[in-house]
1. If we keep just the residues of segment 220-253 that are crowded, with 22+ Cβ neighbours inside 10 Å and assigned to a helix (DSSP H, G or I), which is modelled with the lowest pLDDT?
2. When you scan segment 37-95, how many residues do you find that are in a loop (DSSP other than H, G, I, E, B) and either hydroxyl-bearing (Ser, Thr, Tyr) or under 24 Å from ASN128 (Cβ atoms) (or both)?
3. Of all residues in segment 511-536, which are among the hydroxyl-bearing types (Ser, Thr, Tyr) and modelled with pLDDT of 95 or more?
4. Can you report the number of residues in segment 542-558 which are of a type outside the set (D, E, K, R) and surrounded by fewer than 24 Cβ atoms within 10 Å (Cβ to Cβ)?
5. Go over the candidates VAL602, VAL634, VAL620, VAL566 one by one and state the one that is under 30 Å from VAL468 (Cβ atoms) and modelled with pLDDT of 95 or more.
6. Condition test on ASP359, is it of a type outside the set (Lys, Arg) and not in a helix (DSSP H, G or I)?
7. So ASP416 fits all but one of (1) touching a helix residue (DSSP H, G or I) at 6+ places or on another chain (Cβ under 9 Å); (2) without any contact (Cβ under 8 Å) to a residue 12 or more places away in the chain; what number is the exception?
8. What is the number of the single condition among (1) of a type in the set (A, V, I, L, M, F, W, C); (2) under 30 Å from the mean Cα position of the chain (by Cα); (3) surrounded by fewer than 18 Cβ atoms within 10 Å (Cβ to Cβ) that ALA461 does not meet?
Amino acid sequence: MAGKKRTSSAKKAANAAASAVEPVVERAHLPVRNPDFPIGVDYYPLDEERRSPGDWYDRDIDAEFAAIAAARISHVRVYVSWRALEPQVGQYDEDAAERLETVVEAAKAHDLRLIVCFFADDRLAEMNDVPWGKRRDPRTDDYLVQRQLSLVQRIVNRYRAEPAVLAWDLANEAFIAGFTTELALEKWVATLREAIREVDPERPILLGVDSETLLRETGVDARAAIDLGERAVSHLTASYRAYIAEGPVTSGPATYTDSFLLRSSLRGLPVTVDGIGVHSLEFSPSEEAAYTRTALYSALMNRASGVSLRRWRDLEAEKREPYFRDPFEVLVGVIDTAGEPKPVLNEVRRFAAVAARMDPRRYALAPERAAVLIPAERYEPLPSLAGLYDPRACLQAYIAAKEAHVPVAIAREGDDLDGYHALFIPSAAKLSPAMWGDLATFVQGGGSVVLSYGGGDADPAVREIFGVEFLGDGGPRHTFACRVAQPGVLGDLTSFDARMQLPHYARLTGSGATVVATDATGSPLLTVNQYGQGKAVFLATPLERAIAQNDPWATPTPVRRLLRTVYGSVAMSAGAGAMLECDTPEAEIAHFLGESDDILFVLSHNAEKMTATITTPRTVATVQDVRGGAPAEVGGKVFGVPLAPNGAAALRIMFG
């Protein structure tokens with residue numbers, strides 16, 4: 001009877017919540033922008049491939065900025081053309097300067113803030129191809145760098161008191177990708193920063209590059225250069241998505257990649273999720289809108305300081321026989337080549353209405369007490385394969401934590417671990433001696449850690465911390481068998497057999513640890529050891545890497561359930577679990593705490609309809625769409641949130 005009552009109650013609450021998340025009529029008095037969470041867009045100088053570099057921003061800027069402002073977008077990134085502004089050495093083109101002035105005046109007229117990017121490569125406008133440069137590298141050639149400084153100081157001096165200019169962006173990722181060493185990049189950034197600060201001591205400076213995607217593409221670690229600025233960006237590139245989450249964009253790993261990169265970029269600076277949108281024309285308008293919706297809400301739910309869309313208008317490519325422009329070079333906007341809004345623009349407007357209701361002075365995101373740890377080996381150059389394996393394994397660990405509804409951050413070796421209660425270290429081949437020492441201190445002090453075997457020899461610290469004796473690498477396996485030996489120790493685990501390639505399997509014997517699960521032959525698969533005041537869990541196979549190397553969209557259900565159950569159980573027992581329960585793994589939740597009410601975001605990572613059932617520790621009086629509308633009465637601790645395919649809900653929760 002109790003089960004039936006609970007089911008009936010949840011169903012009733014789900015119907016109540018359904019009325020709470022129905023579309024509401026947006027009232028005129030609602031704020032249309034949130035200055036604490038701005039929405040921006042990249043505004044490129046050319047929208048037609050047939051146009052020449054000399055046509056830089058030679059169009060009706062005012063009309064387009066009016067449309068941008070009407071879409072509730074507040075920030076616009078614009079791009080300086082060195083080629084247009086300085087066609088001859090030391091001689092600046094007044095017509096080009098007037099065009100830049102037109103951009104600034106249009107921004108002022110429509111209450112937009114500009115992020116001015118000095119050096120960018122858009123593969124079309126040839127903005128850095130000064131004819132007198134004689135094909136020298138503008139990143140490292142001393143003379144060209146001096147000319148860059150003159151140009152930058154000229155622009156900064158002209159607009160240093162201009163309120164429409166929000167920030168100075170030194171360069172975009174396409175330009176930065178031309179650097180071959182960290183030293184050269186840091187030197188260039190420091191030089192330009194110093195030149196700007198001589199003229200403008202206050203306005204924020206940033207480097208428009210994502211350190212993770214750049215490292216993958218070029219092998220250059222930009223973290224130190226990024227840290228020279230006051231802001232940072234995370235930015236998913238087409239090549240990085242093809243590497244880490246190639247496949248459908250409306251389900252599976254692709255829907256988590258933007259927030260994974262965001263979390264990876266949160267290292268002390270405020271981070272904007274940049275370049276939101278699909279990368280090619282192969283997706284339908286509905287898929288494009290669904291992916292953008294997921295990226296926008298993921299940013300708000302994972303501590304972004306703002307978002308920026310990839311492009312305002314689609315690039316009109318020339319028709320060639322037998323093919324058009326490579327679709328991966330075509331930048332896709334939120335309006336089409338004729339200027340007509342696409343479905344994705346409606347998503348932006350709706351999201352802006354939600355973001356406008358989030359006041360960071362009233363609501364704070366529940367703290368993350370758990371973290372996925374990225375090993376230092378990830379930054380090793382070839383022939384080390386860690387740079388290939390570790391990011392994909394860490395993404396799968398991040399997804400497992402999200403599916404367990406654990407508030408999770410990203411940490412790295414050497415980071416301060418004092419704020420965390422649980423760590424997930426996925427499939428690392430090795431950790432530094434210092435990291436092993438940090439882990440021992442962390443667990444002894446009461447922290448919990450889950451470590452999956454990464455292959456090769458195990459560090460002697462494994463025996464001490466995890467209480468297992470390593471007998472060698474048993475090699476790859478073609479099936480994954482799990483036999484639960486100690487039910488309930490690490491959550492509600494179940495036994496199973498699944499067809500799945502495992503790259504390694506550690507042969508172990510217990511040396512003080514409790515064997516929670518074994519393989520089909522009785523060899524330990526999952527162990528837990530009490531070490532000091534904390535708990536150390538060892539997984540005998542690199543499961544996160546195996547999920548990534550197999551088809552992550554087709555991971556056997558019991559395998560994914562095992563991983564998220566272990567993560568969730570360890571986090572909960574360590575005091576790092578979610579304050580709210582959710583019965584749907586594909587529904588990501590973000591809980592913002594307030595004094596008199598809370599805000600709950602629920603985001604579907606599934607392309608099918610679903611209802612997520614939420615259980616709270618306190619009785620919920622009402623739930624209400626954050627944009628307004630009539631509150632729906634709940635009167636219990638359980639309520640349902642219906643979600644459309646890739647849908648999102650933002651609810652105000654009143655307790656009572």
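1. ILE244
2. Adding up the residues that qualify gives 22.
3. Result: THR514, THR518, THR521, SER523, THR527, TYR531.
4. 9
5. Step by step, each of VAL602, VAL634, VAL620, VAL566 is checked, and only VAL566 is under 30 Å from VAL468 (Cβ atoms) and modelled with pLDDT of 95 or more.
6. yes
7. So ASP416 meets the others, but not (1).
8. (2)
The values are calculated or read from the model by the stated rules, or taken from the named source; none is laboratory data. Nothing here was measured: the structure is a model prediction, and the numbers come from that model. Cβ atoms come from the backbone with ideal geometry, glycine included; neighbour counts cover every protein chain shown.
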